[in-house]
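Single-structure report; data block below.
The values are calculated or read from the model by the stated rules, or taken from the named source; none is laboratory data. What you see is a predicted model; the values in this text were computed from it and never measured. Quick reminder, even Gly has a Cβ in these numbers, built from the backbone with ideal geometry, and neighbours come from all protein chains shown. Side chains included, ligands, DNA and RNA excluded: accessible areas come from the protein's heavy atoms. Shrake-Rupley method; radii C 1.70, N 1.55, O 1.52, S 1.80 Å.
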Amino acid sequence: MTEKSISRAVIKRLPRYYRYLGELMENGIVRISSMELSERMKVTASQIRQDFNNFGGFGQQGYGYNVEYLYKEIGMILGLESTHNVIIIGAGNVGRALANYSDFNKRGFVFTAIFDNNPKLWEENIGSCKVQPVDMLEEYVREHKVEIAALTLPKESAPQVAAKLVNLGVKAIWNFAPTDLNLPEDVLVENVHLAESLMRLSFRIKESGI
């Protein structure tokens, strides 16, 4: 089964399955049925089975799913058995929050450097990273393996920095800047537009009459 044959909707649900299964393991639950998982996640049991069947099923008739096994299998599907080196460009509030969030490291996402153009922040330690000048970015990327670059920049700066990263060989951009990036097709971009998410919530509040 190739990734191209898996819908984006299924891929989008996989991290949520992974999170719930991790919580089940922490609570000592060894196995679970699709119906029980459905009740916890508010996803239909049929949808859960369809999603897992994209990858071979994982369950056993009359037994359900082995929680630890399913957790590990989904982790491998998501590529979490490997370590991913991540750099952050922008040491503002969002960049700081990312660098200080320890759960990323547990999932194999290791923040190795953070860059900013504000001299007052240089040499400051944020999480496990020391803030470096943006002018050092090119040298750093050339000398270190960088899989993912997180952009926590103003929208005016993001396209130029993203293009520079791509020219340096970075193939995955985690974009928090409120702008769309026009990058080559072989560059993977995951957009996290916080304002858009809040506006969607506003719409749901309006529709529900809260």
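Residue by residue, here is whether (1) within 23 Å of Val166 (Cα to Cα); (2) touching a strand residue (DSSP E or B) at 6+ places or on another chain (Cβ under 7 Å); (3) hydrophobic (A, V, I, L, M, F, W, C) holds:
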| site | (1), (2), (3) |
| --- | --- |
| Gly28 | no, no, no |
| Met35 | no, no, yes |
| Lys42 | no, no, no |
| Ala45 | no, no, yes |
| Arg49 | no, no, no |
| Met76 | no, no, yes |
| Ala91 | yes, yes, yes |
| Ala99 | yes, yes, yes |
(request) May I ask you to list pairs of residues, at least six apart or on different chains, whose Cβ atoms are under 8 Å apart, with the first in region 138-150 being within 10 Å of Val170 (Cβ to Cβ) and the second being of a type in the set (Lys, Arg) and outside any strand (DSSP E or B)? (result) Glu147/Lys171
(request) Would you check which residues across region 53-100 are of a type in the set (A, V, I, L, M, F, W, C), without any contact (Cβ under 8 Å) to a residue 40 or more places away in the chain and closer than 26 Å to Ala172 by Cβ and list them? (result) Met76, Ala97, Ala99
(message) Against the definition (out of contact with any Cys (no Cβ under 9 Å at 6 or more places or on another chain), open to solvent by 20 Å² or more (accessible area, probe 1.4 Å) and at pLDDT below 90), how does Gln61 come out, yes or no?
(response) yes
